[in-house]
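Everything below concerns the one structure shown next.
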Amino acid sequence: MQYFDIYIDSMKGIYTYSDKNDEFEVGENVIVPFRNIKKSAFIIRKNFKENFEFKLLNISSKVKNSLKLSNEQIKLIEWMVDYYLASYDNVIKAMIPKKIKISYDNIYSINPNKINTLSKYLNNEIIKHIFSLATISYNTAKTKFKKSVVDSLIEKIFLYKDENNICINLENFYKLKEENKEIFDYFYKKTIVKKEKLEEKFKKNDIKELEEKEILKIEANINEKKEYVSDIIENVTENKSILNKEQLLIKESIEKSNKKYFLLKGVTGSGKTEIYIELIKKAFFKGYGSIFLVPEISLTPQMVERFQDEFKNNIAILHSSLSDIERAKEWESIYSGKKKIVLGVRSAIFSPVKNLKYIILDEEHEATYKQDSSPRYNAKYVAIKRCLDEGAKLILGSATPSIESYYYAKTGIYGLLNLENRYGNAKMPDIQIVDMKQEENLFFSKALLEEIKNTLLKNEQVILLLNRKGYSTYIQCKDCGYVEECDNCSIKMSYYKSTNRYKCNYCGKQVHYTGKCSKCGSTNLIHSGKGIERIEEELKKYFDVPMIKVDSELSRNKDYFSKIYKDFSDKKYSILIGTQIIAKGLHFPNVTLVGVINSDIILNFPDFRSGEKTFQLLTQVSGRAGRGDKKGKVIIQTYEPENNVIKDSKEENYDLFYEKEINSRKIFSYPPFSKILNIGFSSEDEEKLLEMSKNFYDEIKSQDIELYGPMPSMVYRVQKRYRMNIFVKGSKKKIDNFKKFLKKKLNEFNDTKVRIVIDIDPVNMM
C-alpha cells in the first residue's frame, strides 16, 4: 500500500489517495473517484504518512497513452505554487495545453494481477467475448510475426488454431508473457474494449460483478488525435558559421564557461540573434534541445522565417494566437522528442523539451515576459529555475537590459558579455532631440517633416512611433465639459475613427460615436490626446505615399502582423506607424529614419520603472534605423528635452543611465535591493472593499515588512469592480517569511464579495 498527493482537474489544491496494489507512479495521469464522479488527475508526490484522520479513496486507474509529468515538471509546478502563491490548477493549466489532457474513453481490460481468480471464470460469457476480440487470421499472424514463432507457440499450447484463425489459449495466456512478450502485448491490446460497447452487449450488473472481483479493470484511454499527427521532420544540414570574431568569442565563452546564466548586452543590430542560432544549432546536432523566447507575437514572423532557414520544420512554434488544436499538436511534437527547438512567447517556457541545453530570452527587459493573470509568473524566473533543475544554460539578451539583470551581471551572478559594434558595416544612427515647445505644429516638428521628405525622395522607408492606439485618447464637449467615460471602468473612452466608435482600453466596451455630446447634445467637441490613427490622417496631408499602421489591437489576428512584416519588407509601404509593438527587434534594412512623436508618455507615470521603460523604448525604436548599409537617423520629439532619461537615450549611453538609476534604486530600496509584492483587492461593493482592505492591512501590519496602503489603484474601477492595493517591500528573507504568513491568511479568507490577488515581483503597477 502506498499513498499519493494528487492534483484533480479544475481543483485548486491537492488531495490524498491510496494505491492498494502499488501499481502507480509519481507523474502519471490517473482517474480518481471525486464527489461521486470519476475525474482526471495527476500524481504530484508520494505521501509518507501512515495514519490519516479521514477515509482515503483508492485511485481507480491509469489513463493509458497519456502524458506523464517528469520529475523536473513536478519540481517546477511545486516551485511555482510556492513562489507565486498560485493554485495547482492555475499552474498546471498554464503548463499543459487544454486539448492535451483529458480527452479519453473509459475502457475495460483484463486485470493481469488476477490470474488465479480468472481461471474460475473461463466460461463466463463476458470473458469469452473479450478474448474472442483477440482472434486473428493465421496469415496475419505469419505476416506480423515469424511463422516459426507462431507455430512454436501453437505447439506449446499458448495459442491454438481454429479453422484458419489464431486464438488465445486462456489457461496459458499469462504464461505467454514470459514466453514471448511482444506477441502477448499484441493480443492483450486486442482484448481491450470500450465501456459503452461492453454495456451494449451485457448487463451492467454482470460487468460490475467482474469489476468488483477485480478480474476486469476499468481504465481511461486518451483518444486518438489524428489532427495531432506531426509533419515528416526534414533533415537539417550543418552550414558553416558566419559569425565574426567578436561574436565567435562570445559564443565560445558561453559554451566553455561553468556559469549557468549569462547577460548578452549588445547594441541594436549587433548580431545577437546569429550567436543564439549558432549555439542552438551546435546543441541540436549533438541531440540537445533549446527554447528561444521573444517578447511579442509580432516578432514571431521574422524569427520563424530566420529559424526555418536554418532548421526547416524541426522547430515548434508556440504563441497566443494558435488554436487549441494547433497548440496541442506543437506541444505533443515537443513532448515526443520529434522537435527539439521551440520558438515562442512567454508561455513557451513550459515546453517539455528533451535534453534541454539552452533557454534564450531575447529582449529580456520586456515587461511582456511577466503574466498579468494567474499564475502571475515571470518567464525569466521560470527559466532560471528550469536551468537550475535541468542543467541547462540561460542567455538573456538585450541592448537595454533591465536594471535588475544588469546589476546581477555586474555583481557576477550572471556572466556579462558585450557586443559593442553593429554587425557588418552598419553604423549607429544619428539621434536628434526636438523641443516641441518651440514648434507650431502639434504633431510633427519641422525637422521631422523635412527628414521624412528627404528619406522618401531617396526611396527609403520611415518608421514613426507613438505609444497610443486609436484616433484620440478622449473627446471632450466644449460647451458642457463632459468627457465620455466607460460605464464599467473609471477611465475615459478612446475614440477609434476607423470603426467610428468609442472604446474602453481596459474592458473592451464599445459605443457608437454620433458626433454629439451624450450629455448635452452639442456637436462642439474637442479631440484630445493623439493616437496612431490621427497621426496617419495628419501625415497624409503632407505625403501622398502608401503607409500602414499597427498596434496590439490590430495584430491580434495571427496573420495580420505577418502580412504587414512581409509587405513592409517588400517595400509596398513607405511609412510604418505604430505603438511600442514596432520598437522590438524588427529588422528592416531599408528603414533609415525613425521618428518618435511623443517620447514623454511613459516618463510621467507614477512608477519607479518609468525612466527605465522610457530609456528602453527610445533606444530600442532608435535601433530600427540604419540596420543595412545605409546610415540611419532618429528624431525624438519631446516637451522635456532636459530630462536626464531623454538626454541619455540620445547618447545611447546605457552605462551612464544605469549608474544614475541604480543609485536612485539603492537610496529608495527598490529592486534589485529589495523584493516587492502587491496585494490587490477588488469588489463590486465599494464599501465592503474599503472595509476589507483596511481590516486586512490591520491584520498584517505587525509583520517585519514595509507596507504602503491600502490605496486605490491608478484605474480605480475596472469591469464594474473597485480596486485597492497594499504594496509590500522588504529583503528577500523578509519577503519569503511574509509570504508564508500571507499564505495562511489567504487560506482563512472566505469573503465571496471581495477578491484578493497576490502579484509577486509585479511589473505592471496599474
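Read the figures in this text as sums done on the coordinates, not as results from a lab. Since we're looking at a predicted model, the values are computed, not measured. In this analysis, Cβ positions are derived from the backbone assuming ideal geometry, glycine residues included, and neighbour counts consider all displayed protein chains.
Shown is the FRET efficiency for Lys733 and Lys20, computed with R0 = 41 Å from the Cβ-Cβ distance and rounded to the nearest 0.05: 0.40.
For region 1-149, the residue among Phe52, Tyr7, Ile107 whose Cα projects farthest onto the positive side of the dipole built from Cβ charges is Ile107.
Helix 610-622 axis versus longest C-alpha principal axis of the chain: approximately 90°, rounded to the nearest ten.
What aspartates and glutamates does Lys75 reach when the alpha-carbon gap must be under 16 Å and sequence neighbours fewer than 8 apart in one chain are set aside? By straight Cα distance, Lys75 reaches Asp5, Glu25, Glu28, Asp89, Asp389, Glu390. Pairwise Cα distances in the chain exceed 40 Å for 47 percent of all pairs. Using R0 = 60 Å, the C-beta based FRET efficiency linking Lys660 and Lys68 works out to 0.70.
Unpaired cysteine residues in the chain (no second Cys Cβ under 4.7 Å): Cys167, Cys387, Cys507. Charge dipole of the chain (Cα centre as origin; +1 on each Lys and Arg Cβ, -1 on each Asp and Glu Cβ, all else neutral): 860 debye, rounded to the nearest 20.
When you filter the trypsin sites (Lys or Arg not before Pro) in region 686-740 for DSSP loop state and at most 14 other Cβ atoms inside 10 Å of their Cβ, you are left with Lys701, Lys720. Available extension along the chain between Ile667 and Asp430 is 81.9 nm, counting 0.36 nm per residue and deducting the alpha carbon span. Dipole magnitude for region 108-227: computed about the Cα centre from +1 point charges on Lys and Arg Cβ and -1 point charges on Asp and Glu Cβ, it is near 220 debye.
Ranked for footprinting exposure by Cβ neighbours inside 10 Å, fewest first, Arg609, Arg35 give Arg35, Arg609. Pairs from the list Lys144/Lys181; Lys245/Lys647; Lys120/Lys217 with a Cα-Cα gap above 26 Å: Lys245/Lys647. Placing +1 on each Lys and Arg Cβ and -1 on each Asp and Glu Cβ, with no other charges, gives region 245-419 a dipole about its Cα centre of roughly 640 debye. For the residue pairs Lys195/Lys338; Lys385/Lys503; Lys380/Lys729, the C-alpha atoms sit more than 31 angstrom apart in Lys195/Lys338; Lys385/Lys503. Spacing of the modelled spin labels on Glu699 and Asn421, each 7 Å from Cα toward Cβ, amounts to 6.3 nm. Taking a quarter of the surface of the Cα convex hull of region 675-760 gives a mean projected area of 5.2 nm². Cross-link partners for Lys142 among the aspartates and glutamates, with Cα-Cα distance under 19 Å and sequence neighbours closer than 8 places in the same chain left out: Asp151, Glu155, Asp162, Glu163, Glu179, Glu182, Asp185. Please give the helix 245-256 orientation as an angle from the longest Cα principal axis of the chain, in degrees from 0 to 90, rounded to the nearest 10. So the inclination is approximately 40 degrees.
Modelled this way, with points 7 Å down the Cα-to-C-beta line, the labels at Leu170 and Leu442 are 9.0 nm from one another. Here the extension length gained between Tyr560 and Lys312 equals 87.0 nm, from 0.36 nm per residue of separation less the Cα-Cα distance.
Ordering 149-157, 746-754, 274-282 by mean Cβ neighbour count within 10 Å, with the highest value first, yields 274-282, 149-157, 746-754. In the chain, the longest principal axis of the Cα atoms and the axis of helix 71-83 are about 50 degrees apart.
Fully extending the segment from Lys260 to Thr140, taken as 0.36 nm per residue of separation minus the present Cα-Cα distance, adds 37.7 nm. Placing pseudo-labels 7 Å out from each Cα toward the beta carbon at Cys520 and Asn124 gives an inter-label distance of 8.6 nm.
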